[in-house]
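The values are calculated or read from the model by the stated rules, or taken from the named source; none is laboratory data. Just so it is clear, the structure is predicted and the values come from calculations on it, not from any experiment. Here Cβ is always computed from backbone atoms with ideal geometry, including for glycine, and neighbour counts include all displayed protein chains.
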Amino acid sequence: MATPLLSVRDLTTVIRTEGIEFEVVRGVSFDMYPNEILGLVGESGCGKTMTALSVMGLIPSPAARIAGGEVLFRDRELVSLPEREMREVRGDDISMIFQDPLTSLDPMFSIGHLLTEVIRHHRSVSRSEAEAMALRALAEVELPDPETRMNQYPHQLSGGMRQRVMIAMALMLDPDILIADEPTTALDVTVQAQILDRLLAQQRRRGMSMLLITHDLGVVAAVADRVAVMYSGEIVEQAPVTQLFSDPQHPYTQGLLRAVPQTRHQRGALHTIPGRVPPPQFVPPGCPFSPRCSQALVRCWEEHPELVPENGRHLRCFNPQPLSPA
Amino acid sequence: MRYLANRTVYMVVILAISSVAVFYAIRLSGGDATAARLPASATEADRETLREVLGLNDPIYQQYFTYMGRLLSGDLGNSLTNNALISKMVIEHGRNSIILGAAAFLLVFVVGVPLGMLASVRRNTFMDQGIMSLSVAGMAVPNFWLALLSIWLFASVLGWLPSAGCCEPRQLILPAIVLAAEGTALTVRMTRSAMLENLDSDWVRTLRAGGLSEARVIGKHVFRNALIPIISLAGLRIGQIVGYALIVEVIFGWPGLGQVLVNAVLRRDYPVAQFFSLVLVVMVVLGNWLADLGYLAANPRLRKA
């Protein structure tokens, strides 16, 4: 494969509450290549969003900080980059779309104002040129009647339209990397497909690299090239999409896949993984998944498994078993 | 427009009700209106004649209608104590009150809003705690006490500022600060909490993700959102200033509406007390009306239904 566009190495992010620091992202490493979609999946609270915010340098400060690791983008290291320079990267080279479009736009300013403000922060263009760029970006995400929308305020737009605005804002400066954090979760099912479709069309047209954070495995199977599965702040398995779905190795990945409702031959209750993700202050020693794992060995309780590469797959498990037919 | 019409009707109703209330309150509080007008040696018969001439022996409701009739035809009447034209008094003293009130109102926002922003940006630091402690003090100390303290310190001990009088800028400083103290303290707290509330919103993250600087995100966007509650409470600040002006003007010998009103009430100078208190009511109601307008103008979500 080509050289990675973005390379995350051993990223560790901690949150401090009441004077004690907890690791919410623990030694996460992954690469992103041009013209590729990397899916990042896992349950709520497993550190997906914190990983993305750490890459963007947007973790809530001073409550959280990056305790270690590096993010290499082109020939720069972003974690240690001064805030002034990081601002130039954000929104221009790397952009991000957030989960809830209803609350993600400043209600006091018109759509046109918000878009042109970001454009003019990064590019020295006139107001009218910036407006033309914003209009083009809105048209590209197929927002109906973009000229009118430019003068409207966020509350005058529906959730789907606002998410289109968010996507336009993220794409208008032609970023190399787009991080989409659950971009369709807060939307109606019918709108979800349209938004995802717009997002993919733009990704392909621009040859952009995209990190798609979601807990919707159906979406990942349909659009991602590679998938990383996170559990308790760590990546537990990472593989090309077909490999991961046809032959999942980590018991957590297997559990997630079995928990997806199948429309055909569905019998009995839906499979669930017993227990829940441990909160960061109570991560068990050894493998963090061991308390919920049906095939845990004594070793799994005592020793922390490493992420081991093998045939294009990375796996963090001492006792992988082939997926038994459910 | 509908909203404005509603507000205007509401304003007229408030004025009508308060004019009745004030009229009755002053007359039912006892006292003798003739005491100030006639020398102490005047006989009871003289006093009775004067009451008859002034119409003070009529039933109160009848006095009210006579008074309102004159008022609406533009005749504000004369002071009972010195026969001065009330219209002239209002203009002269009103000017002084507006100078003092406007200075205090300006102070409230020019000092209160930046301090509140500073406290929110430096949340949980020494700076924040210092500003917040000051603001607690500003709310806790009654303004008549603050007035006396400031006269003692700045006029008597340090001799920096005059203790009372009108109407040089130097004489304006102490009363304006005292009058503004509580409103400023409240505005600091309000600004801080409004800023913090907005700092936590999702759209702040969106703007940061767009690469905007903290100065831009906070100074422009968060502030613009925090401005809405600040403006909507500006109306209350006006009412507060008008109310406190009664006390502060008396203490500092500032010849404004408040001082005249207090004297008029003490002397049972009915027409003066009546009209001056109406003027204060108008100022409060008008202040609230302006704040409503500002709220409407500041909030795009309310501009078009």
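Scanning the stretch A:124-141 for residues that are more than 14 Å from every other protein chain (Cβ to nearest Cβ) and either aliphatic (A, V, I, L, M) or surrounded by 14 or more Cβ atoms within 10 Å (Cβ to Cβ) (or both) yields A:Val125, A:Glu129, A:Glu131, A:Ala132, A:Leu135, A:Leu138, A:Ala139, A:Glu140, A:Val141.
If the condition is being of a type outside the set (Gly, Ala, Ser) and within 14 Å of another protein chain (Cβ to nearest Cβ), then the stretch A:37-70 contributes A:Thr49, A:Met50, A:Leu53, A:Val55, A:Met56, A:Leu58, A:Ile59, A:Pro60, A:Pro62. Restricting attention to the stretch B:204-223, the residues that are within 37 Å of the chain's Cα centre (by Cα) and not small (Gly, Ala, Ser) total 9. Could you go through the stretch A:144-158 and let me know if any residue there is in contact (Cβ under 8 Å) with a residue 40 or more places away in the chain, within 14 Å of chain B (Cβ to nearest Cβ), surrounded by fewer than 20 Cβ atoms within 10 Å (Cβ to Cβ) and under 27 Å from the mean Cα position of the chain (by Cα). Taking every residue of the stretch A:144-158 in turn, at least one turns out to be in contact (Cβ under 8 Å) with a residue 40 or more places away in the chain, within 14 Å of chain B (Cβ to nearest Cβ), surrounded by fewer than 20 Cβ atoms within 10 Å (Cβ to Cβ) and under 27 Å from the mean Cα position of the chain (by Cα). For the stretch A:132-189, taking the residues that are among the β-branched types (Val, Ile, Thr) and more than 26 Å from B:Arg301 (Cβ to Cβ), the one that is modelled with the lowest pLDDT is identified as A:Val189. Do we have B:Gly55 as in contact with a Lys or Arg (Cβ under 7 Å, 6 or more places away or on another chain), on the phi > 0 side of the Ramachandran plot and at pLDDT below 80 here? No. Can you tell me which residue in the stretch A:105-114 is farthest from A:Ala180 (Cα to Cα), limited to those that are crowded, with 19+ Cβ neighbours inside 10 Å and more than 9 Å from chain B (Cβ to nearest Cβ)? Among residues in the stretch A:105-114 that are crowded, with 19+ Cβ neighbours inside 10 Å and more than 9 Å from chain B (Cβ to nearest Cβ), the one farthest from A:Ala180 (Cα to Cα) is A:Gly112. Quick check on the stretch A:50-71. Is at least one of its residues crowded, with 24+ Cβ neighbours inside 10 Å and not hydrophobic (A, V, I, L, M, F, W, C)? Yes, the stretch A:50-71 contains a residue that is crowded, with 24+ Cβ neighbours inside 10 Å and not hydrophobic (A, V, I, L, M, F, W, C).
Figure legend. Inter-residue proximity from the stretch A:294-310: first residues among the polar types (S, T, N, Q), second residues outside any strand (DSSP E or B) and surrounded by 13 or more Cβ atoms within 10 Å (Cβ to Cβ), beta-carbon distance below 7 Å, spacing 6+ or different chains. Indicated pairs: A:Ser294/A:Pro251; A:Gln295/A:Pro251; A:Gln295/A:Asn319.
The set of residues in the stretch A:81-104 being more than 8 Å from chain B (Cβ to nearest Cβ) and of a type in the set (A, V, I, L, M) consists of A:Leu81, A:Met86, A:Ile94, A:Ile97, A:Leu102.
Pairing each residue of the stretch B:7-28 that is closer than 28 Å to B:Tyr295 by Cα with any residue that is outside any helix (DSSP H, G or I), provided the two are 6+ apart or on different chains, yields no C-beta distance under 7 Å.
Residue count for the stretch B:280-297 under the criterion of being buried (at least 18 other Cβ atoms within 10 Å of the Cβ) and either under 18 Å from B:Val22 (Cα atoms) or among the aliphatic types (A, V, I, L, M) (or both): the result is 6.
In the set (1) within 13 Å of chain B (Cβ to nearest Cβ); (2) within 30 Å of B:Tyr295 (Cβ to Cβ), A:Ile177 fails one condition alone, (2). For the stretch A:13-33, the criterion of being within 30 Å of A:Ile273 (Cα to Cα) and free of Cβ contacts under 8 Å to residues at least 40 places away in the same chain is met by at least one residue. Listed by first and then second residue, the pairs with beta-carbon distance under 6 Å, at least 6 apart or on different chains, first residue in the stretch A:108-134 and closer than 19 Å to A:Thr148 by Cβ, second part of a helix (DSSP H, G or I) and among the β-branched types (Val, Ile, Thr), are A:Ile111/A:Val165; A:Ala130/A:Thr116; A:Ala130/A:Ile119; A:Glu131/A:Thr116; A:Met133/A:Ile119; A:Ala134/A:Thr116. Taking the stretch B:96-126 as the range and being loosely packed, with under 14 Cβ neighbours inside 10 Å, in a helix (DSSP H, G or I) and of a type outside the set (Val, Ile, Thr) as the test, the residues that pass are B:Ala102, B:Leu106, B:Pro114, B:Phe126. Note on the stretch A:286-305: residues that are in a helix (DSSP H, G or I) and not basic (Lys, Arg) amount to 6.
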